[in-house]
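Every number in this text was worked out from the coordinates using simple rules, so none of it is lab data. Remember, predicted model here, so these are calculated numbers, not experimental data. Glycine gets a Cβ as well: all are built from the backbone with ideal geometry, and neighbour counts include every protein chain shown.
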Amino acid sequence: MSNLATATLPIQPLRIPRRTAPEPSIEVVANRSQRRARPKVAYAIVVVASLGGLMLSQLALSIALSDGAYTIDRLEVTQKEQARAVQLLGEDLGRLSSPQNLAVNAEALGMVQNANPVWLRMSDGAVIGSPTAAAGGAGVLGTAGSKVANQLLAGVPLVTQLPPAETAETAPTASVAPEASTGATPGAATGETTDAPLASDGRVPAPTTR
Amino acid sequence: MTRRTARGRLALAAVLVLALVSVFVVRLIDIQVVRAETLNSQAVDKRSIPEEILGMRGDIFDSTGVVLADSVLRYDITASPKTAVESAITPEIAAEKLSPYLGVPAADIVKSIRDAVAADPESDYLYLGKKVDVDAFEKIRALEIPWLYYSSQPARTYPNGAVAGNLIGFVGSANEPQAGVELSEDSCLAGVDGSEVYERSEDGVRIPGSTVTTKQAQNGNDLVLTIESDLQWYVQQTLAKYAQEYGAKWGVVVVQEVKTGRLVAVADYPTVDPNDVDATVNTDISALGSRAFTAPFEPGSTFKTLTTASLLDAGLIDTGTHVTAPYRFTTADGADVNDSESHGTWNLTTTGVLKESSNTGMSQLGLLMTADQRYDYMKKFGLGERTEVDFGAEETGYLGDDWDEDGVPDWDPQTNLASMFGQGITVTAVQMASIYQTIANGGVRMPVSLVAGCRLPDGTMTDVPSSEGTQVISPSAARSTVDMLENVATKGWLASKVSIPGYRVAMKTGTAQQPDGNGGYSKSYLVSMAGMAPADDPQYVVSVNLSGPVNMNTSAATAPIFRDVMTQVLKDHRVVPSGSLSPDLPTNF
């Protein structure tokens, strides 16, 4: 370049000094390391790509978030429905386990309460009271019927009034149960009582029921 | 291009930019400042949804963990009449399907919708059903009628119906407490509603992160009673059965635990079913509460136990003190009392006076003590004031109203004698049970309790009633009284009706005349029985009261109730049978 500057061409004498005068005639030549430090296209690509990636991930994030919102909304609806189901079943359970319902059903099935309680004293085997069989219809409700109102039980059928299809399912187990208990308990009980007066360990002997 | 034209362009560009910016600024100020409020509210209305969060009312439990009052959701069904009449599913079609779930005739549903539109073509809101249950709601929703809208409402259900309905009380249509512990313990049960605001998208989904809770909702706490619901049911059933058999107007049975003062059953006949309050309103409005607390009565002879116990404690008599009891007894100051049935002169001991329930005998014993002293004992037994339960509309009972300067009633001579055997004064059934509890508990009166406490979500109990007793009479006076009451049970005229094999029973009967409301007495009686078992170590007190049993107007009407209830209580609680026999005290000399 310095050679060019000095080799003045005669055909353009006016322009050359004009052009060269305000500009420095020398220039710093980048050395090897400086050349290496120059920005490269790769960097630009990295920056742009990462910006793009950032935007994409934000987009993905917001898609996921709104998708989550829909999931939450759906689950909340499900939860509400299930809470309703729980409430419905809870209310059913509550009314069915009310003493009025249990008593009416028990007596419909023929269970009565013995109004003559008899006690067996474990220490000496003494029988307190005079054992008398309960008369039929001698239940707590008896012929008088249930006297404690419960509006929730209106329309709830007795177990004895259920259609046969529903009772049939429970029938087999019902017929097995008495067999098992009669087989297990009386033999054991009579065996002990005939041998010796009742030995008490403070607990009431319970029949083995399967 | 000259320098001038370049400058001109620059200036033009600057002016244009400035103009554009100022347009933006003006618009910005207009939106952000001038119309900010209206626009904001419009925007909020469009997207932001305020929502009330329900603070659920606490449940009521019995002492065994059975739910007596439960908070549930019910659903209001509303229709948009203007949409309904235009819809493909016409009111006629819908009403046919809705009718069975709403319990309203289909024609009525159609009529109400058509009427609403006729009255106002823009009608957009009409109640079709209020507080329908979940079952009906689910079925109605499944019909997918586009012009129906639903809103949930808190409500109360009482799974056991009238069991303890007299004590629990009930709530009104807006779930506001109206009676019983629902009302008196509302501070424990009531929840606090909260509120939140959230924004939602066009398709109705909540925008994430937009929820702002403006007020935290707080559920109510659970209330635990001392009542045992199964026993309560048994007592109510038994009471109602006999009360109807004997034609009583009303009846009360109180079962109290001797050592703690806890009420394990308080049965009223009739009893309100909190699920169906209207049924009781129409028949017997007094049965909306608990007469055990709210209906004081002249107790009659069951009160002799208190007079006797007071005299024993004061050391003025013992179980064998001799009394010559004629049929009629008069005093110099003009009092005149007689026994219920005509008899010759009896030579009775104190035990005999109780066994025969002699008014003349009791009057002579009672006169050994001044009226002031007797009144003091009555007060110490908790009479004349509300019990610790502080039940809604609980009565204090009446001990007289001619008050001396020293705060003692100035009974006239007749009332002075009458008050010894339970006439001329009134007590509530719960107070009567408490008298017997005191005597059964070695003279220590325990505070009467119905509420075991308020249970916080973390399980801690607050508002636990005091368990500190007060010594009203000496243990020996109490024991002697029980001994005499055992003799009433074993030798009295109802002995065979009240005996429970294996247990020593102590009890006293009462057949009190009831006031006619005009200062005299009517032909109607209040028959009662109060007692305890097992008498060797009393665990439970049972007090039975029947008002005006027309088919049997003696205390014999109360005997089967007393016996059945006491038997059930002893069985239920596995009370060890007495290992001994009742003492045999002389009744005559």
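Numbers at a glance
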{"item": "Charged-residue dipole, Cβ positions (Lys, Arg, Asp, Glu), the protein assembly as shown about Cα centre, Debye nearest 20", "result": "5380 debye"}
{"item": "The range B:35-94, relative contact order [Cα under 8 Å, separation at least 6], %", "result": "15 percent"}
{"item": "Exposure proxy ranking, count of Cβ atoms within 10 Å, fewest first, for A:70, B:436, B:234", "result": "A:70, B:234, B:436"}
{"item": "5 angstrom amide H check on residue B:449, placed H, neighbours 5+ away", "result": "B:262, B:263"}
{"item": "Fraction of beta bridges assigned by DSSP in chain B that are antiparallel (%, nearest 5)", "result": "95 percent"}
{"item": "Burial ordering of A:40, B:497, B:130, fewest other beta-carbon atoms within 10 Å first", "result": "A:40, B:130, B:497"}
{"item": "Protection proxy ranking, peptides B:315-323, B:525-533, B:223-231, average beta carbon neighbours within 10 Å, highest first", "result": "B:525-533, B:223-231, B:315-323"}
{"item": "Nearest 10 degrees, 0 to 90: helix B:91-102 Cα axis against chain B principal axis", "result": "30 degrees"}
{"item": "Principal-axis tilt of helix B:371-380 within chain B, Cα atoms, nearest 10 degrees", "result": "40 degrees"}
{"item": "For B:493, B:346, order by how many other beta-carbon atoms lie within 10 Å, fewest first", "result": "B:493, B:346"}
{"item": "Between 0 and 90°, nearest 10: helix B:559-572 axis offset from chain B longest Cα axis", "result": "60 degrees"}
{"item": "Cα-based radius of gyration of chain B once divided by 2.2 N^0.38 Å, which approximates compact folds", "result": "1.43"}
{"item": "FRET efficiency, 1/(1 + (r/R0)^6) with R0 51 Å, evaluated for residue B:92 and residue B:572 via beta carbons", "result": "0.35"}
{"item": "Rg followed by Dmax, in Å, when the range B:229-572 is reduced to its Cα trace", "result": "19.2, 68"}
{"item": "Residues with amide H under 5 Å from that of residue B:227, placed H, sequence gap 5 or more", "result": "B:63"}
{"item": "Relative counts (whole %) of C-alpha pair distances in the protein assembly as shown, using bins that are 20 Å wide", "result": "12, 32, 24, 14, 7, 5, 3, 1, 0"}
{"item": "Positive-end residue of A:115, B:22, B:431, charge dipole of the protein assembly as shown with Cβ unit charges", "result": "B:22"}
{"item": "Under the Karplus curve 6.51 cos²θ - 1.76 cosθ + 1.60, θ = phi - 60°, whole-Hz ³J(HN,Hα) for the range B:509-521, x wherever Gly or Pro sits", "result": "9, x, 10, 9, 6, 9, x, 8, x, 10, x, x, 10"}
{"item": "Size of charge dipole - the range B:81-226 - debye, nearest 20, with Cβ of Lys, Arg +1 and Asp, Glu -1, no other charges", "result": "180 debye"}
{"item": "Cα lying deepest toward the dipole's positive end in chain B, options B:224, B:345, B:365, charges on Cβ", "result": "B:224"}
{"item": "For residue B:297, net neighbour charge (Lys/Arg +1, Asp/Glu -1) across residues whose Cβ lies under 15 Å away", "result": "-3"}
{"item": "Per-q log10 I(q)/I(0), the range B:115-266, q = 0.13, 0.19 Å⁻¹ (Debye; single scatterer per alpha-carbon; no solvent)", "result": "-0.91, -1.28"}
{"item": "Under 5 Å, built H, 5+ apart or other chain: amide partners of residue B:148", "result": "none"}
{"item": "In range of the label at residue B:324: residues from the range B:348-379 whose backbone nitrogen is under 13 Å from the point 7 Å along Cα→Cβ", "result": "B:348"}
{"item": "Positive minus negative residues near residue B:78 (Lys, Arg vs Asp, Glu; Cβ under 12 Å)", "result": "-1"}
{"item": "Mean shadow area of the range B:73-157, taken as a quarter of the surface of its Cα convex hull (nm²)", "result": "5.1 nm²"}
{"item": "Charge context of residue B:94, other residues only, Cβ under 15 angstrom, K/R +1, D/E -1", "result": "+1"}
{"item": "Percent of beta bridges antiparallel (DSSP, the protein assembly as shown, rounded to nearest 5)", "result": "95 percent"}
{"item": "Mean Cα-pair separation over length for chain B, i.e. relative contact order, pairs under 8 Å, 6 or more apart, %", "result": "14 percent"}
{"item": "Percentage, to the nearest whole number, of Cα pairs in the range A:59-104 over 16 Å apart", "result": "60 percent"}
